[in-house]
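**Student:** Pasting a structure below so you can have a look.
The values are calculated or read from the model by the stated rules, or taken from the named source; none is laboratory data. Quick caveat, the model's predicted, so the values are computed rather than measured. Glycine also receives a Cβ, built like all others from the backbone with ideal geometry; neighbour counts cover every protein chain displayed. To get the accessible areas, we keep the full protein, side chains included, count just its heavy atoms, and leave off ligands, DNA and RNA. Shrake-Rupley method; radii C 1.70, N 1.55, O 1.52, S 1.80 Å.
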Amino acid sequence: MISEKLQKAREYEEKYSAFITEGERPLFHLTPRIGWANDPNGFSFYKGEYHLFYQYHPYSLQWGPMHWGHALSRDFLRWKYLPAALAPDQPYDEGGCFSGSALELPDGRQLLMYTGVRQFLGQDGSSQVIQNQCLAVGDGLNYEKLPINPVLDVKDIPEGFSKADFRDPKMFPSPEGGYDCVIGNRTDDGSGAILLFHSEDGYKWRFVSILDRCHNEYGKMWECPDFFALGGKDVIMTSPQDMSSLGVEFHNGNGTMFLTGHYDAETHSFERENVQAVDYGLDFYAPQTLELPDGRRVMVAWMQNWDACGGQPSAAKWFGQMTVPRELSLREGRILQLPVRELEAYHGRRVSYLNIPVREEVTLRGVYGRTVDMTVTVKPMSRGSYKRFQIKVASGSQHYTSISYCPESSMLRLNRSHSGFNRDFVHERECFVKDRDGEIKLRILLDRFSVEVFANDGEQAMSATLFTPPTADGISFEAQGKALISLEKYDIDMRP
Ligand code: FRU
């Protein structure tokens, strides 16, 4: 049964998304069908296709009562919209259907678990929130919320843990059979914790252990947890709120991190070995991963910063985009990320240059565009021959975004101060990128409204939204001193 609320959302999105032309969206990054999107949800492979749901408020460009939007793809790059999957239409989720995940049941149906939010006035007149976990079962198009909802509520969490912050269930097949699920929570010290739950059948869940907790070290509440194995290690991925900056590793506000270590299946405990930021750019939050049938672990995130949501272009018809889905791998204790290899199928016109000396600002014939996959390697002509190297992208008479590197400090910097934003939020971030025998390699993805930079085969990633006018499609290179660059650039061509 499709509720009135869901029907209304479906009619609305169908009617109004028709007014968005193709050029008003990114070419290969997913945006909401209409209105607002935040976190990716329910990233899954089901009936031979990839499903990606998202936190969705179709009716405005602001966060509002959360629905789940829905899109489908065979290759992570060409997306087809499906009708909205969930609306906040039950007493236990009337405050919103918050983030969650998906898995396939043995009977071939798809199970969604999401956080149902209840908001009400307390006896003293203050606003109270309760978050609990709910299920919906469906066929990849329509989903039925179950009468047993909520399946996890305050009774299921340890004494002293928060009832108001208990959200974002990520389910996955358990190594012991049945299913496991990690959920973000807040503990008695006010900071985050990740709780582990188990179920034999996907319907009945029980608390197992506290997998890890923040102890006020990395921000406060830990949102959107994920837990998976990668290259012989176990990895918790989470998005902490209210972080304080820590060197150039973590910035203030909402951050993201990988906790790499070992999970002990006997004691259900996790021992941390390494902590790493997921993305060092300006816009990246709430990532979620999926294991593909071929064994790859692919991650997608909301390419947006909560504190910068006021930076919407005045004529926008959608707001909030997803990153390019990225393959994760582990090398020497660090998690690396690169765009899914499926992108190569859309490599169009190719331009390449080998060992070009660069001093003052130059442009190279054929190197321009706003839907581009470009890899640039930069090295000094001789030891110490350059102090700073800069690539300008989305560049025009009044605009540019700068990606620059200083070999002495090993700092890679992304600056979009001149990209056309007229709001005073943060526009520059930097991260540490170690050269390899003096050389650094930057893969830069441009897609109309964003830039994503992958340094040294994905050792660091930096993502940012750009709302620069599309006519600013220049790319230039310059060095303080002398540098040698080689480059390979493809236009992204999605024509069938
Ligand atoms: C993260 C988040 C989640 C929550 C959702 C609500 O961006 O705050 O914790 O489920 O957004 O839209």
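**Student:** State, as an integer percentage, the relative contact order of the chain based on alpha-carbon contacts under 8 Å between residues 6 or more apart.
**Tutor:** Numbers: 1333 pairs, mean separation 59.1, N = 496.
Once divided by the residue count of the chain, the mean separation gives 12 percent.
**Student:** Bin all alpha-carbon pair distances of the range 1-85 at 10 Å intervals from 0 and give each bin's fraction as a whole percent.
**Tutor:** 18, 52, 28, 2
**Student:** Counting Lys +1, Arg +1, Asp -1, Glu -1, what net charge surrounds D264 among other residues with beta carbon under 12 Å of its beta carbon?
**Tutor:** On the way: positive: none; negative: D234, E266, E271.
Once positives and negatives cancel, what remains is -3.
**Student:** How about K204: which lysines have a C-alpha closer than 26 Å to its C-alpha, ignoring those fewer than 8 places off in the same chain?
**Tutor:** Once the sequence-local lysines are set aside, what remains near K204 is K47, K145, K155, K163, K170.
**Student:** Using 7 Å Cα-to-Cβ label points, what is the E144/E488 separation (nm, one decimal)?
**Tutor:** Label at E144, label at E488, 5.2 nm between them.
**Student:** Moving on to the next point. Can you report the principal axis dimensions of the range 347-492 using only the alpha carbons, biggest first, rounded to whole angstrom?
**Tutor:** Ordered largest first, the range 347-492 gives principal extents of 40, 34, 28 Å.
**Student:** Give me the percent of accessible area attributable to carbon and sulfur for the chain, probe 1.4 angstrom. Show your work: numbers first, answer last.
**Tutor:** Details: 9770 of 20180 Å².
The nonpolar share, carbon plus sulfur, comes to 48 percent.
**Student:** Straight-line reach from K392: which lysines fall under 24 Å, measuring Cα to Cα and dropping same-chain residues less than 8 apart?
**Tutor:** Candidates past the 8-residue exclusion: K379, K434, K441, K482, K489.
**Student:** Set Lys and Arg Cβ to +1 and Asp and Glu Cβ to -1, take the dipole of the chain about its Cα centre, and tell me which of C431, Q398, L72 lies farthest positive.
**Tutor:** Q398
**Student:** So, one more: Which value, in debye to the nearest 20, gives the size of the charge dipole of the chain about its Cα centre, when Lys and Arg are +1 and Asp and Glu are -1 at the Cβ?
**Tutor:** On the way: 53 positive and 67 negative charges, 358 e Å.
The dipole magnitude comes to about 1720 debye.
**Student:** With a 10 Å radius around each residue's Cβ, average the other Cβ atoms per peptide and rank 261-270, 68-77, 203-212, highest first.
**Tutor:** Ranking, from highest mean packing down: 68-77, 203-212, 261-270.
**Student:** Just round it to a whole percent: the fraction of Cα-Cα distances in the chain exceeding 40 Å.
**Tutor:** Values: 24722 of 122760 pairs.
Percent of Cα pairs beyond 40 Å in the chain: 20.
**Student:** Could you sort the peptides 347-359, 476-488 by per-residue average Cβ neighbour count (10 Å cutoff), highest mean leading?
**Tutor:** Values: 347-359: 13.7, 476-488: 18.8.
Ranked from most to least packed, the peptides come out as 476-488, 347-359.
**Student:** Please give the helix 4-17 orientation as an angle from the longest Cα principal axis of the chain, in degrees from 0 to 90, rounded to the nearest 10.
**Tutor:** Once rounded, one gets 20 degrees.
**Student:** Which value, in Å², gives the accessible area per residue of the chain when a 1.4 Å probe is used on the protein heavy atoms?
**Tutor:** Dividing the accessible area of the chain by its residue count gives 41 Å².
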